[in-house]
Amino acid sequence: MDVVVARQPIFNRYKKAKAYELLFRRSLSSISYDAFDGETSTVELLKASLSVIGLDILTNGLPAFINFTGKLLRDDVPSLLPPDKVVIEVLETSYDEVGISDVVKDLKKKGYKIALDDFLYKTEYDNLIESADYIKVDFLQLNDDEKKEYPKKVGSLKNNLIFLAEKIETYDDFLLAKESGYSLFQGYFFSKPSSVARKNFPVRKQFILNLLEEAYKEDWKPDVLEDMIKKDLSLSLRLLKFMNSVYFGFRNKVNSIKQAIVLLGRNEFLKWLSLIALGELADDKPEELVTLSILRAKMCENIAQILNRKKDELSSFFLTGLFSSIDALLDLPRSEIISELPVNDCVKDALLGVKNIYFDVCELVIFYEKTEIDKFYKLLGKLNLKFDDVIKAYLEAIKWSSQLITF
């Protein structure tokens, strides 16, 4: 059975990823979790994460929030997982089941952390709250007054409860949740532009974009790039450190900027510089936004290889994925940014929504990432790709991005 396993970051107040919820989807109709029975979904997720993918790889070593129905809890399925690696999410459909609070209490005694999913308070749930570590509140289900009230109302019933606001889709929601006493936040708000207007473009970021522009010229000149990089001590040191790392294993030490550029070659230098640029452009953004962009970039490149695209095209697929969240990185309208990006016209078109092969591959990656399965399978057919190939591309991208040495 085709198993789409993806992850969604859970952030702290400083927009740093502290955990991931593992998401499972399995069919054309499974846009939402309720499209199929919860027992099957969690069992398939566990098979994929434990035997096929590996929990630590999926979560970069952070805790994994995993959904469990009442039946799976009673069958002691969570015992397949190490208590220090997972948080057991008790689904809201289980709250009214007879004896469920005793089952959850036993799991708590075994050392598992407990989260109550989509929690809407009733007095009969007080026993469940006693065992809970996390209360997950769906922001789409409540009005603003209810959102603000929840941490106070439920938090008064037990000390040290951690409130997690989920389905946070805008920075306004994030700020409201943070001000209302929530400690953790889940949703795609971090991958969207902030509503705060930017009055000017920082000098440092402008330098990075100027460097990229020079590097992407068809008649690129290592001498010119060397002069530009030499003016930035930090960038110079990072390039030399990169070139002298075990990643390459050169017998002789690389001592000059120009030597480093020439040894890398145009395509690999552009990839390195783009990764560095992304980090610089995102210096005031959630780290996860960079992680997501790098993962998208590598997955796009992997899929392009599966499609047997020409070798000199692969970097364009990589860059399409890498800059797919550029508007969120810079808090500027996408149309305003893309015209200034020093990439080829095909990549610019794709980033602006023009349907070409670069656009299709990037869309496939995003649909997979967000488990929008109907759209994913439709595009999978259009590209004539096999499901297993995409899973392989995703897993390899996760491994590559998690092992990526940043310089």
Here the percent of antiparallel bridges among DSSP beta bridges lying wholly in the chain, to the nearest 5, is 30 percent
Note on the stretch 310-407: C-alpha Rg/Rh, Kirkwood Rh, two decimals, gives 0.97
Measuring from its Cα centre, the stretch 203-403 shows a charge dipole (+1 at each Lys and Arg Cβ, -1 at each Asp and Glu Cβ) which, in debye to the nearest 20, is 680 debye
If one compares the long axis through the Cα atoms of helix 387-403 with the longest principal axis of the Cα atoms of the chain, the angle in degrees, nearest 10, works out at 80 degrees
About its Cα centre, the chain carries a charge dipole, from +1 on Lys and Arg Cβ atoms and -1 on Asp and Glu Cβ atoms, whose size in debye to the nearest 20 is 1440 debye
So, over other residues within a Cβ distance under 11 Å of Trp220, counting Lys, Arg +1 and Asp, Glu -1, the net charge is -2
So, with points 7 Å from each Cα along the Cβ direction, the Gln305-Val354 label distance in nm works out to 2.8 nm
Over all directions, the chain yields a Cα convex hull whose mean projected area in nm² is 21.5 nm²
For the chain, longest principal axis from Cα atoms; helix 357-369 axis from its Cα atoms; angle between them, nearest 10 degrees, is 30 degrees
So the angle from the long Cα axis of helix 373-382 to the longest Cα principal axis of the chain, reported in degrees to the nearest 10, equals 40 degrees
The longest stretch of the chain containing none of the trypsin sites (Lys or Arg not before Pro) that sit in a DSSP loop with at most 13 other Cβ atoms within 10 Å is 17-109
Counting only residues 5 or more apart in sequence or on a different chain, those whose built amide H sits under 5 Å from that of Leu23 are Ala6, Arg7, Gln8
Beyond 20 Å, the calculated P(r) of the stretch 209-366 holds a percent of Cα-Cα pairs equal to 51 percent
1/(1 + (r/R0)^6) with r = Cβ-Cβ of Gln259 and Lys392, R0 = 35 Å, i.e. FRET efficiency to nearest 0.05, evaluates to 0.45
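None of the figures in this text is laboratory data; all of them are computed from the coordinates on show. As the structure is a computational prediction, the values presented were derived from the model and not from experiment. All Cβ positions, even for glycine, are placed from backbone atoms using ideal geometry, and neighbour counts span all protein chains on display.
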